[in-house]
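**Student:** This is the structure I want to talk about, given as structure tokens.
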Amino acid sequence: MPPRIEKSEPAARVEHESRGQCKAAYRKWLLGFAIFHLLAVVAEPLFFYSRSDVQAGPEFLALRRGLGPYVDWMYLDHGYFFFAPNPGPSHLVGIRDQSVVFPDRKEQWPRLLYHRYFMLSEFYNNSFAPTALDPQDMTDKLFVARWEEDRRFYQTLQRSISKSIQSQWNTRGDDRIESLPELVRLERPLPGPLEVLSGAKRLGDSRDLIVLPEGPESPSTQPGPVLGIPIQGVPLP
Amino acid sequence: MRGFGIGRFFVDSIKEFWGSLETFFFRPSGAEVLAWIRIATGAMIAYIHLVWLLRLESFFGPRALLDYESLSMLHRNVWKWTYLDGRESLWLACLHEVLALGAGLAMALGLWTRWTVPAAWFLTLMTAHRLAPFLFGLDQIVLMLAMYLSVSRCGDAWSLDQRFGIVQGPVLHWQNTFATRLIQLHLCVIYFFGGLGKARGWMWWDGTAMWYAAASYEYQSLDWTWIGRYATLGSILTHGTLFWEIAYAALVWPRLTRPWILAIAFFVHAGIALFMGMITFGLMMLVANLAFVRLPDPRCDTSS
């Protein structure tokens with residue numbers, strides 16, 4: 001228990017308190033900094049929430065841009081969108097012709113390590129840019145330029161993850177693959193309560209995974225042949 | 001005369017507001033609660049870096065999942081400088097992570113806190129910029145707490161610094177108040193925008209969000225799909241969470257409502273920790289809420 005200052009020692013108390021006071025000359029500067037910092041804290045969520053297909057709120061855009069370096073470097077660039085706007089389907093990453101999927105609770109332990117891989121698989125899916133655009137989208141030059149940039153990043157990220165996996169398999173002496181492993185995006189839709197409670201669906205069943213396409217075509221609901229695993233009612237390894 | 005009176009009223013109001021603001025941010029307070037937050041945050045920082053070390057080669061160095069080219073493209077339009085830029089060698093990354101782990105432990109133990117707390121924050125920040133795609137709410141909260149603890153005197157209580165006389169006993173200090181207020185305000189921003197984000201989704205209005213959170217296999221740590229049998233309970237919990245998050249920023253300040261708001265925070269975050277596989281995140285959110293706990297202190301009254 002830390003020692004307490006006795007009330008019966010007013011002199012000592014005054015001395016203690018005066019030592020802990022902020023000098024009046026510093027206060028306005030510190031308050032100014034606090035206001036600046038708190039503006040930086042709200043800059044990203046305000047900008048994030050004010051965005052639409054038409055525009056971002058101009059005043060919030062200006063605030064976010066003006067405070068950009070501080071917001072970014074201090075790691076204040078969060079919209080705080082926890083489970084919002086709705087809890088959504090999970091996204092995983094598989095490897096074509098290999099029974100490997102991440103995140104994987106058995107492979108990645110402790111739970112925090114699993115969650116790191118889960119975040120990477122969500123990030124990989126969020127970064128997705130299709131191999132081609134619909135013809136009607138090709139008329140918008142800005143849209144095309146944005147897509148090209150996004151596509152470059154997605155391919156770079158894809159190559160980076162593939163190379164890392166290949167390299168680590170080779171280090172382990174596991175020569176299952178000679179060329180770069182091909183990543184497959186997977187989605188696990190959220191089932192309704194009736195499906196689960198009636199026993200028609202089981203959470204974690206690999207048959208429910210949807211293989212997401214790399215191009216504009218429709219998703220496939222046959223993960224088994226793509227991943228090289230038997231389609232059974234068991235979680236993917 | 002009338003105009004003069006109004007002018008004086010405004011001047012007096014501004015002076016009064018300024019005085020209140022000064023009291024709010026600078027009235028000296030003790031370090032005990034911040035010391036608890038420091039212990040938990042330091043331990044969590046150490047754990048975070050221990051987990052990075054478990055798969056060092058996957059996260060850092062030439063064979064990392066996120067290589068230099070990807071990281072450069074990811075950070076091309078943002079200010080995210082870090083010396084761990086994807087070209088780092090494995091031994092440098094290892095040294096960095098071990099130092100960060102050590103700084104986290106020293107922070108938790110309260111050893112040389114004036115240095116180790118800012119060091120733990122900085123080293124964790126450098127890692128965060130390197131590994132942005134792997135991060136989630138836990139990293140946001142831990143870095144937020146470590147940042148504000150860096151400007152406090154959280155080592156003045158419950159610390160080896162105090163035990164060994166490196167700092168003088170627990171004194172009231174304005175830096176503790178300043179840091180506490182910033183944590184409190186930042187927390188209000190998090191909850192307010194978290195609530196607003198949920199208010200944009202239909203599942204948070206039709207009462208099914210709790211079910212769909214329970215049905216998310218990747219998050220699940222304990223099976224709580226039984227909640228699907230009790231649609232009304234699920235809906236009440238959904239709406240309770242939504243309104244609590246939005247109202248937090250307003251209702252956590254009055255003494256009358258604060259205990260209730262913090263009690264709900266306890267149940268919400270304990271639920272996330274136990275059922276949704278995010279024990280670290282749930283725990284740190286609970287720790288952050290300690291900033292609103294006021295201990296009876298004979299030296300001062302900062303409960304206002």
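The values are calculated or read from the model by the stated rules, or taken from the named source; none is laboratory data. Note that this is a predicted model, so its numbers are computed, not measured. A quick note on method: Cβ atoms are made from the backbone with ideal geometry, for glycine too, and the neighbour counts reach across all protein chains shown. Side chains included, ligands, DNA and RNA excluded: accessible areas come from the protein's heavy atoms. Shrake-Rupley method; radii C 1.70, N 1.55, O 1.52, S 1.80 Å.
**Student:** Which whole number gives the average, over all residues in B:70-82, of C-beta atoms from other chains lying within 10 Å of the residue C-beta?
**Tutor:** Partner-chain Cβ atoms within 10 Å, mean over residues of B:70-82: 4.
**Student:** Quick one: accessible surface of A:T171, probe radius 1.4 Å, all protein chains present, in square angstrom to the nearest 10.
**Tutor:** So the heavy atoms of A:T171 present about 80 Å² to solvent.
**Student:** Sort B:Y230, A:Y154 by heavy-atom solvent-accessible area, probe 1.4 angstrom, most to least.
**Tutor:** B:Y230, A:Y154
**Student:** Placing +1 on the Cβ of each Lys and Arg and -1 on the Cβ of each Asp and Glu in the protein assembly as shown, which of A:P69, B:F24, A:L112 has its Cα farthest towards the positive end of the resulting dipole?
**Tutor:** B:F24
**Student:** Shape verdict for the protein assembly as shown, please, from the Cα gyration tensor: rounded (a/c under 1.5), prolate (a/b greater than b/c) or oblate.
**Tutor:** prolate
**Student:** Give the aspartates and glutamates whose C-alpha is closer than 13 Å to that of A:K28, dropping any in the same chain fewer than 8 places away, or say none.
**Tutor:** B:E22
**Student:** Could you order A:R105, A:R146 so the one with the most accessible surface comes first? Probe is 1.4 Å.
**Tutor:** Solvent-accessible surface, decreasing: A:R146, A:R105.
**Student:** Another question, then. Can you tell me how chain B classifies by the Cα gyration tensor, rounded, prolate or oblate, using a/c under 1.5 as the rounded cut? Walk me through the intermediate numbers first.
**Tutor:** Details: a/c = 1.66, a/b = 1.14, b/c = 1.46.
Oblate is the answer for chain B, as a/c is 1.5 or above yet b/c matches or exceeds a/b.
**Student:** Would you please give the residues with an amide H less than 5 Å from that of B:W112, counting only those at least 5 places away or on a separate chain, with H modeled from the backbone geometry?
**Tutor:** B:D161
**Student:** Here's something else I'd like to know. How big is the B/A interface in buried accessible area, both sides summed, 1.4 Å probe, to the nearest 100 Å²? If you can, show how the numbers build up before the last one.
**Tutor:** Working: alone 17060 and 17010 Å², together 25580 Å².
In total, chains B and A hide about 8500 Å² from solvent.
**Student:** Determine the shielding of peptide B:60-69 by partner chains: average, over its residues, the number of Cβ atoms on other chains within 10 angstrom of each Cβ.
**Tutor:** Partner Cβ neighbours, averaged per residue: 5.
**Student:** Further question: I'd like the accessible area for B:H75, computed on protein heavy atoms only with a 1.4 Å probe and all protein chains in place. Round to 10 Å², please.
**Tutor:** About 30 Å², rounded to the nearest 10.
**Student:** Taking the simple approach of a point 7 Å from Cα along Cα-to-Cβ for both B:R255 and B:R163, what is their distance in nm?
**Tutor:** Result: 3.6 nm between the two label points.
**Student:** If a helix is a whole DSSP H run, which ones in chain B reach 18 Å or further along their own axis (Cα) and hold a mean Kyte-Doolittle hydropathy of at least 1.0?
**Tutor:** Helix filter hits for chain B: B:32-54, B:90-109, B:137-150, B:231-251, B:258-275.
**Student:** Cross-link partners among aspartates and glutamates for B:K80, C-alpha distance below 16 Å, same-chain residues fewer than 8 apart left out?
**Tutor:** By straight Cα distance, B:K80 reaches A:E44, A:D72, A:D77, B:D67, B:E69, B:E88, B:D139.
**Student:** Provide the per residue accessible area, probe 1.4 Å, for the range B:101-254, rounded to a whole number of square angstrom. It would help to have the intermediate numbers written out before the result.
**Tutor:** On the way: 5260 Å² over 154 residues.
Accessible surface, normalised per residue, equals 34 Å².
**Student:** Separation of the range B:229-249 and the range B:115-178 by C-alpha centroid, Å?
**Tutor:** So the separation of the two Cα centres works out to 33 Å.
**Student:** Still on this structure: Express in whole angstrom the spacing between the alpha-carbon centres of the range B:17-68 and the range A:45-102.
**Tutor:** Between the Cα centres of the range B:17-68 and the range A:45-102 lies a distance of 21 Å.
**Student:** Give the lysines whose C-alpha is closer than 26 Å to that of A:K201, dropping any in the same chain fewer than 8 places away, or say none.
**Tutor:** Correct list for A:K201: A:K106.
**Student:** Heavy-atom accessible area of B:K15 with all protein chains present, probe 1.4 Å, nearest 10 Å²?
**Tutor:** Spelled out: B:K15, probe radius 1.4 Å, area about 140 Å².
**Student:** If you don't mind, another one. From largest accessible area down, sort B:T280, B:T23; use a 1.4 Å probe on the protein chains.
**Tutor:** Heavy-atom accessible area, descending, gives B:T23, B:T280.
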